[in-house]
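Contents: one structure, followed by commentary.
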Amino acid sequence: MTFELRILALSVVLGLVQIVLASHAASLQRGYLWTAGSRDEAVPPLTGIAGRLERALRNFVETFPLFAAAVLIAHVTNTHSWMTEWGVQLYFGARVGYLALYAAGVFLLRSLVWNVATLGIAMVLLSLVLNDASAVEVGILQSIGPVVE
C-alpha cells in the first residue's frame, strides 16, 4: 500500500470518528429517545459543541470525496512524489486540527486550517498535472529520437 493510500485510509477512520462524535453529541443534547426514533418531527438546531461537531462533519463530507478522488487518480496513474506525500499529509493533519479547533469554537484559526487542507488537495491535483506534462515531454523527446552530439 502506498503512503498516499495509507493516509486515505486514515482519513476514512477520521470520518468515522467524526460521525461517532457528532451523533453522540446530538444524542446527549436531544436525548437517546430522539436518536432511536424516526426523527420525523422538526427540532431546533443543535447548539454548542454538538452543533459545531455536526458542522465539522458536514464540512468533512464536502471535502473528503474530492480528496479521495485525487488520491485514487494519483494511485491509478502511478503518480507518487514529494508533492503527493506532502499534499495528503497536509490534508489529513489539517482535517484533524480543523475538527479540534471547530469543536473548541476557535475563531479564524479554524478557517485558516481549512485552507491548509484545501491546499493539500490542490497539491495532489497539481502533481497529477505536472506528471501528465512530464509524460507528454518524455513522449515528444522519444519521438524525436536520439540526439547526436
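The values are calculated or read from the model by the stated rules, or taken from the named source; none is laboratory data. These numbers come from a predicted model, not from an experiment. Cβ sites come from the backbone with ideal geometry, for glycine too, and all protein chains shown count toward neighbours.
The one condition from (1) of a type outside the set (F, W, Y); (2) surrounded by 13 or more Cβ atoms within 10 Å (Cβ to Cβ); (3) at pLDDT below 95 that V129 does not meet is (2).
Listed here are the residues, each with its yes/no results for (1) among the hydrophobic types (A, V, I, L, M, F, W, C); (2) touching a residue at least 12 places away in the same chain (Cβ under 8 Å).
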residue: L8; (1), (2): yes, yes
residue: L16; (1), (2): yes, no
residue: S27; (1), (2): no, no
residue: I49; (1), (2): yes, yes
residue: E54; (1), (2): no, yes
residue: A68; (1), (2): yes, yes
residue: S81; (1), (2): no, yes
residue: T84; (1), (2): no, yes
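Among the residues of segment 1-39, those identified as within 30 Å of H80 (Cα to Cα) and either of a type in the set (K, R) or touching a His at 6+ places or on another chain (Cβ under 7 Å) (or both) are T2, E4, L5, R6. Of all residues in segment 15-35, those satisfying the criterion of being exposed (fewer than 15 other Cβ atoms within 10 Å of the Cβ) and among the hydrophobic types (A, V, I, L, M, F, W, C) are L16, V17, I19, V20, L28, L33, W34. Out of all the residues in segment 89-97, is one or more of a type outside the set (K, R), under 14 Å from I121 (Cα atoms), crowded, with 19+ Cβ neighbours inside 10 Å and touching a Phe, Trp or Tyr at 6+ places or on another chain (Cβ under 8 Å)? Scanning segment 89-97 turns up at least one residue that is of a type outside the set (K, R), under 14 Å from I121 (Cα atoms), crowded, with 19+ Cβ neighbours inside 10 Å and touching a Phe, Trp or Tyr at 6+ places or on another chain (Cβ under 8 Å). You will find that of S111, S38, the residue that is exposed (fewer than 15 other Cβ atoms within 10 Å of the Cβ) and at pLDDT below 95 is S38 and no other. Within segment 38-79, the residues that satisfy the criterion of being of a type in the set (K, R) and within 15 Å of L101 (Cβ to Cβ) are R52, R55.
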